[in-house]
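I'd like to ask some things about the structure below.
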Amino acid sequence: MSLSLPLLAAVGVLGLLGTGLLGLLVTRNLIKAVVGLQILVKGAMLALVLAGRLAGQIQIGQSMALTVIVADTIVSVVALALAVQVRRQFGTLDLQALSTLRR
Amino acid sequence: MNPTLALTWLLLLPLLASPVIYLAGRASFRLGKSAAPARWLAAVALAATLVPLYYTGEAVLRAGSVSLQVGAISLRMDGVGLILAGTVLALTFLVSIFSMPYMRREEGEEKHYALLVSMAGTMVGLGCANDLFNLWVWFEAMAVTSFLLVAFYREQRGALEAGVKYLVQSAVGSAFVLIGIALVFARTGTLELSQVAAAVAGPLPLPLPLAAAGALFLIGFGVKAALVPLHTWLPDAHSQAPSGISAMLSGVVIEAGLVAMLRALGCLAPMSASWGAMLLAFGALNMVVGNLMALRQTQVKRMFAYSSVSHLGYMLIGFGVAVGYGIANGAAGGFFHLLNHALMKGLAFMAAGALLYALHISRGSHDPLMIDDLNGAAGKYPLTALALTIAVLALGGLPPLSGFMSKWQIFVAGFETRSAAVEILVIFAAINSVLSLAYYAPLVNRMYRHEPSAAVAAGRSVSVLMGAPLAVMTILVIVLGFWPGLVDAITHPAAVHLVSIFGGVGALARF
């Protein structure tokens, strides 16, 4: 059985997406949730690069991935800034403590 | 003014003004302990943006669209983008006036104005995006500014909690959109909306990757548009944000999510019958869940937040009818309701915010505004109470206010489909509209017929600057109720355009 590069990348995409989603679902720690998000978005980035290759337009796929890196970094910065404030105000990073608002 | 130049300024002005507002506010704060220049600059920048909006709008209505090419990126303002841009800028301008007293001396006031103006700019851009990835970039920029505004009271636990929930859910949604984009790109080799539409045109069923991409767009943008199982962040975020921002979030941000979703689904038009059916199904869910949850709320802003969920349902019905059956009247009703909802819900949140400010915030308390607090408010705050009354009655769909007119237009379009299922859905929507009065009417009753609550008795006055935008919006809600035809000039071209994107050729019936 031969492993082509696109196939390997596709497996990588699915692995990253699965790991990210699973991490988000099982974790109770805000920082770990941010890490889960990061892994999820890395999967999406790899998917964009792979799509560029499959479509025969590698440079467009890569430039989209670069843009996503920038946007994703900004989101992570905001998320971590929120985490700092959560730690200060709640005294914990446990996501279950973040349920003071009524349904 | 040259339309291309006007569009350039329309996009650039808010984004250029935002850092200037921040720096001016910061400098003045350092020098004299007041961020006043930020307040005025924000209002001036937004008012100035209305000028290029006018020239762009004129050209769009004349020629159908205005294009702008920046390097490899192409932007195109069409009727749909024009409605979004007009609604966004008008509401943001009113919110910036309202916030002057509301946010006065709040820590980080200048950041609030800078973010408010840039959020408006990103939504205008979102309406102009002409390729899928560009759409995502604007969408993400809008999301980031709104995260920061939701968690603006960064020492309040509630605001932090709301911010975290909103950020995590939105970020997952936007990752889904990216995967959808990757699938479309891998399959078609292009991202420009019309080229994708041309590339996927073919016999049904569409290849699985493209159908999956559509589902991912529906979920990803659906988080921001608060489609029902994905709406859980909304009541927290919309009730914990500063009131002006609540008005923005409910009035235009979720609708911008909806417009982004329609644009993305539009390039997978061969499946429009399925997309239409899904929009209708989500519409029904949104209405019933939003209304039932709103019924049991004790906080005013939380109740309005759930009511936004249900109002998004009416828009979904209108657009679902347009997308699934090619009936342009449905889209016209949907766009009219979008514009109307920005007015009505903006007014409701701002009037509630004015009372919240008078009763709690001005006295140094961050308690939420409870429904009980409104008891007897009409005696002490007659004009604010009147504005809130008009807003909730319009939201409840009482004729002859504007909310009735747009719902009516959507319902009539539903009957045009001649489909029993849609007709039942429309009747269900009408029942829901009556149901919503079950939580709006007691609010009015409390304000006018109850003894003043302790909070009202101790409340401070509402300033003129806060009252002015309320007065303008109240008048607009009444005027649009009597003359709904005033906005036909912008809703009809947008509706015809949207239906043509989805492959329909429906003509507009006259009422």
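Exposure proxy check: B:Arg62, B:Arg187 ranked by fewest other beta carbons within 10 Å?
With the sparsest Cβ surroundings first, the list reads B:Arg62, B:Arg187.
Another one. Return A:Leu40, B:Leu425 ranked ascending by Cβ neighbour count within 10 Å, so the fewest neighbours appear first.
In increasing order of surrounding Cβ atoms, one gets B:Leu425, A:Leu40.
Now a separate question. Under 5 Å between amide hydrogens, which residues at least 5 positions from A:Asn29 or on another chain qualify, with H placed 1.01 Å from N in the peptide plane?
A:Leu95
Also, I was wondering about something else. Taking the number of other C-beta atoms within 10 Å as the exposure measure, put B:Trp138, B:Trp483 in order starting with the fewest.
By the 10 Å Cβ count, ascending, the order reads B:Trp483, B:Trp138.
Place a label point 7 angstrom from the Cα of A:Arg87 along the Cα-to-Cβ direction, then list the residues of the stretch A:38-77 whose backbone nitrogen is under 20 Å away.
A:38-39, A:73-77
Using each residue's phi in the stretch B:168-180, evaluate 6.51 cos²θ - 1.76 cosθ + 1.60 at θ = phi - 60° and report the 3J(HN,Hα) Karplus result to the nearest Hz, with x for Gly and Pro.
For the stretch B:168-180, the Karplus curve yields 5, 5, 5, 5, 5, x, 6, 5, 4, 4, 4, 5, x Hz.
Provide the per-residue ³J(HN,Hα) series for the stretch B:358-368, in order, calculated from phi with Karplus coefficients 6.51, -1.76, 1.60 and θ = phi - 60°, each as a whole number of Hz, with x at glycine and proline positions.
With coefficients 6.51, -1.76 and 1.60, one gets 5, 8, 10, 4, 5, 9, x, 10, 9, 5, x Hz.
Considering only C-alpha atoms, what is the centroid distance from the stretch B:462-484 to the stretch B:316-370, in Å?
14
Report the FRET efficiency, 1/(1 + (r/R0)^6), for B:Ala27 and B:Phe482, where r is their Cβ-Cβ distance and R0 is 45 Å, rounded to 0.05.
Calculated value: 0.45.
Take every residue in peptide A:59-69, count the Cβ atoms of other chains within 10 Å of its Cβ, and give the average of those counts.
Taking the mean over all residues of the peptide, I get 3.
Another question about this same structure. Could you tell me the relative contact order of chain B? Use alpha-carbon pairs under 8 Å, at least six residues apart, and round to a whole percent.
Once normalised by length, the contact order is 15 percent.
Using only the alpha carbons, work out the radius of gyration and Dmax of chain B in angstrom.
Every Cα atom of chain B included, Rg and Dmax give 21.6, 68 Å.
Related question: Enter the mean number of other protein chain beta carbons within 10 Å of the beta carbon of each residue in A:80-89, as an integer.
5
Give me the distance between the Cα centres of the stretch B:36-107 and the stretch B:211-290, rounded to whole Å.
22
Farthest toward the dipole's positive end in chain B, which of B:Gly397, B:His341, B:Asn375, given Cβ charges of +1 (Lys, Arg) and -1 (Asp, Glu) about the Cα centre?
So the residue we want is B:Asn375.
Okay, next question. In whole Hz, with x marking every Gly and Pro, tabulate ³J(HN,Hα) for the stretch B:488-494 from phi via Karplus 6.51 cos²θ - 1.76 cosθ + 1.60, θ = phi - 60°.
3, 4, 9, 6, 5, x, 4
Counting other Cβ atoms within 10 Å, which trypsin sites (Lys or Arg not before Pro) in the stretch A:1-99 have at most 14 and lie in a DSSP loop?
A:Arg28
Average partner chain C-beta neighbours within 10 Å, per residue of B:160-170?
Mean shielding by partner chains, rounded to a whole number: 6.
A follow-up question, please. Which of the residue pairs B:Lys33/B:Lys301; B:Lys165/B:Lys345; A:Lys42/B:Lys165 have a Cα-Cα distance greater than 29 Å in the structure shown?
In this structure, B:Lys33/B:Lys301 lie more than 29 Å apart at Cα.
Next up: For the protein assembly as shown, what does the helix formula give at 222 nm: sum of -39500 (n - 2.57) over DSSP H segments with n ≥ 4, over the residue count, nearest 500 deg cm²/dmol?
-26000 deg cm²/dmol
Points 7 angstrom from Cα along the Cβ direction at B:Glu155 and B:Ala468: gap in nanometres?
3.1
Still on this structure, I have one more. Counting only C-alpha contacts under 8 Å and six or more residues apart, can you give the relative contact order of the stretch B:281-366 as a whole percent?
Value for the stretch B:281-366: 24 percent.
Would you please give the residues with an amide H less than 5 Å from that of B:Thr190, counting only those at least 5 places away or on a separate chain, with H modeled from the backbone geometry?
Excluding prolines and chain starts, which carry no amide H, there are no hits.
May I ask you to derive the relative contact order of the stretch B:271-511, considering only C-alpha pairs under 8 Å and at least 6 residues apart, and to give it as an integer percent?
29
Could you check the spin-label model distance between A:Arg28 and B:Arg460? Points 7 Å from the Cα along Cα→Cβ, value in nm.
That separation, rounded to one decimal, is 4.3 nm.
Just so you know, all these numbers are worked out from the coordinates, no wet-lab data involved. Note that the coordinates shown come from a computational prediction; the quantities given were computed from them, not determined experimentally. Please note: Cβ atoms are built from the backbone with ideal geometry, for glycine as well, and neighbour counts cover all protein chains shown.
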